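Have a look at the structure below, then the notes.
The values are calculated or read from the model by the stated rules, or taken from the named source; none is laboratory data. As the structure is a prediction and not an experimental result, all values here were calculated from the model. Cβ: placed from backbone, ideal geometry, glycine included. Neighbour counts: every protein chain shown.
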C-alpha cells in the first residue's frame, strides 16, 4: 500500500499522469486480497487497487459468486474513497451484472416465464428478494394460500413472525409488474400457480374427493389447500359429526386432510371431511338401545348439561337432574372433566341425533336390585325357618 500512497502523492503533484477515471467504466482485474468481507482487486490497466464493498461481497457469495484470491473478474467503477490514508476506487460486480439481469428478466416477463427466487428480508407488507441490487417484492396478497400468514386477531407481531419463517425458502413466481428503470419488480406466487389452479378447477364436480393440507384455522373454518394453488373452506359443521366446542381440537396446521365436494353452484364450493367417514348415527342404533349401560368420558359442561363421549366423537347428554338424587347447582360439583363414568341410556333418537343418559338411574337400578335381593333373601330365610 506504500507504493499506492506514493502514487497518490505523485498524482497530486502532477508527476504522474494516468487516464481519467469515470463512474460507469468497466475494468478487468484479479482478486489479490481480502479481509473480513472486504475484497481488493488489482487491475492490469491501472496502477490502483480497487475495492469491492462488504455488503456486495456478502450478496455475491450468497448467490454463489467466486471471489477467491486469484479469481479474475469484471466490474464497473462507482466512486473513489480514502480509508486509513489509503486511496481506493470502489467497484461493483453487481452493478455490471444488473444490465444483463434486467435484460434477462424483461425477456422472462414478456415470455410469461416462471422464476425461482429466495426471499432474504420481510416486513408486514411483503417479502423482499435482492438480486445484485435489484429489488424484487412479493406482496402478501400475491402469496400462495399455503404461505399466506393467516392470523385471526390481526396481531402484527404474529404476522411478522410467520413471514420470517418463509425467509431463505425457494418460491416459484411470475413477474407481474416492472417499473421503468427495472429496479423494482412485483412478483406473484399466485400467478406462478395459475396453470395448476386452472387444472384443478376443471376437475371440480360434486362428490369429487381431493387430498389437501390444513393451511389455516379460524373459529368456524378450516382453510384447506389443494396442491399449491387452490384454497377452499371447510365449515366446522362439516369436519365432524359430533359437537365441537373448540375447532383447534380437530386438526392442526399443515396436517393432511382429505375433503369431498358436497355442493357446487356458480363457482361457489362447499366441502366436507366428515362425509368421507360413516355417519356414526347410523351405527349407534345397531349397538345400543334404551336401557343399555354405556361407559364414557366427561368431555364438557354447560349450565344444565354434561356431555359424555359415547361413540367415536358423538356425545350423550346428562341433564343436571339426572346426575344424582341430591340437588347440585353445577355439574362440576359432582363430576370432573375426563372422568370415566357409567350411565344408562334413557332416550335414543338417531333421526334427531339425540342420546340422553342418566347417572342417577344407575344408582336407582342398584337400589332396586338390592331391594329385590333383600326380599328374596327374606323369603328364603322364612321358608327355611318353616
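The figures follow:
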item	result
Set 170, 202, 209: member being within 30 Å of residue 111 (Cβ to Cβ), surrounded by fewer than 19 Cβ atoms within 10 Å (Cβ to Cβ) and in contact with a strand residue (DSSP E or B) (Cβ under 8 Å, 6 or more places away or on another chain)	170
Residues (closer than 17 Å to residue 348 by Cβ and out of contact with any strand residue (DSSP E or B) (no Cβ under 9 Å at 6 or more places or on another chain)) located in the range 280-312	282, 286, 312
Residue among 308, 269 that is in a strand (DSSP E or B) and in the same structural domain as residue 237 (by TED's automatic domain parsing)	269
Given (1) surrounded by fewer than 16 Cβ atoms within 10 Å (Cβ to Cβ); (2) at pLDDT 70 or above, index of the condition residue 82 fails	(2)
Unmet criterion (only one of (1) modelled with pLDDT of 85 or more; (2) in contact with a helix residue (DSSP H, G or I) (Cβ under 7 Å, 6 or more places away or on another chain); (3) under 27 Å from residue 282 (Cα atoms)) for residue 323	(3)
Odd one out for residue 95, checked against (1) surrounded by fewer than 17 Cβ atoms within 10 Å (Cβ to Cβ); (2) at pLDDT below 75; (3) in contact with a strand residue (DSSP E or B) (Cβ under 8 Å, 6 or more places away or on another chain); (4) not in a strand (DSSP E or B)	(1)
Residues (part of a loop (DSSP other than H, G, I, E, B) and either assigned by TED's automatic domain parsing to the domain that holds residue 150 or out of contact with any helix residue (DSSP H, G or I) (no Cβ under 7 Å at 6 or more places or on another chain) (or both)) located in the range 232-266	242, 243, 245, 246, 251, 252, 253, 254, 255, 266
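Quick grid of which residues meet (1) touching a residue at least 40 places away in the same chain (Cβ under 8 Å); (2) surrounded by 13 or more Cβ atoms within 10 Å (Cβ to Cβ); (3) assigned to a loop (DSSP other than H, G, I, E, B):
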{"site": "318", "(1), (2), (3)": "yes, yes, no"}
{"site": "321", "(1), (2), (3)": "no, no, no"}
{"site": "325", "(1), (2), (3)": "no, no, yes"}
{"site": "342", "(1), (2), (3)": "yes, no, no"}
{"site": "345", "(1), (2), (3)": "yes, yes, no"}
{"site": "355", "(1), (2), (3)": "yes, yes, no"}
{"site": "362", "(1), (2), (3)": "yes, yes, no"}
